[in-house]
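Trainee: Questions regarding the structure given below will be posed in turn.
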Amino acid sequence: AGNQPGVMTTRALGIGDFDHTVLKRLMRREAALASCTGLLLAVLAFARVLLQYPGKMPEAAAIAITVFLMVNIAICIGVGFSIACQKSGADPANGAAPLLTTVADLIGITLLCGVSALVLGASR
């Protein structure tokens, strides 16, 4: 989810068309898209879990919440990574996608464990 915003940010940085106004506009647009995408994927994940495991409402909720949060976090990481690379003097186009994917996966697994502990711990 974070690769596309990272590419958009890297492109803006590459052509020199990047300032706080562009960053705000990019973040507003990407946040809106992330919320819509995250909500859609969360609803689909929730429904899919309930179809395969009827009656597992708390488990389905934990997965749906994690999906929604992870899509939104990945967007922030994608934009932030490109900006951090640029500020450190590195080329944001080199290795951004593989590193972003790895970081997002690690955060996603950790987030799933945390959300599951909160949701499932409360339902037991």
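Every number in this text was worked out from the coordinates using simple rules, so none of it is lab data. Note that the coordinates shown come from a computational prediction; the quantities given were computed from them, not determined experimentally.
Trainee: Mind checking the full-extension length gain between Ile107 and Asp19? Use 0.36 nm per residue of separation minus the Cα-Cα distance, one decimal, nm.
Mentor: The span from Ile107 to Asp19 would gain 28.8 nm if fully extended.
Trainee: Using θ = phi - 60° and the Karplus curve 6.51 cos²θ - 1.76 cosθ + 1.60, what whole-Hz ³J(HN,Hα) does each residue of region 24-34 get, with Gly and Pro shown as x?
Mentor: 4, 5, 4, 5, 4, 5, 5, 5, 5, 5, 5
Trainee: Distances longer than 17 Å among the Cα atoms of region 26-124: what percent of all pairs is that?
Mentor: Here the long-distance tail beyond 17 Å is 59 percent of all Cα pairs in region 26-124.
Trainee: Same structure again: Across region 65-79, in residue order, what do the Karplus-derived ³J(HN,Hα) couplings come to in whole Hz, using 6.51 cos²θ - 1.76 cosθ + 1.60 with θ = phi - 60° and x for Gly and Pro?
Mentor: Whole-Hz 3J(HN,Hα) from phi for region 65-79: 4, 5, 4, 4, 5, 5, 4, 5, 5, 4, 4, 4, 5, x, 5.
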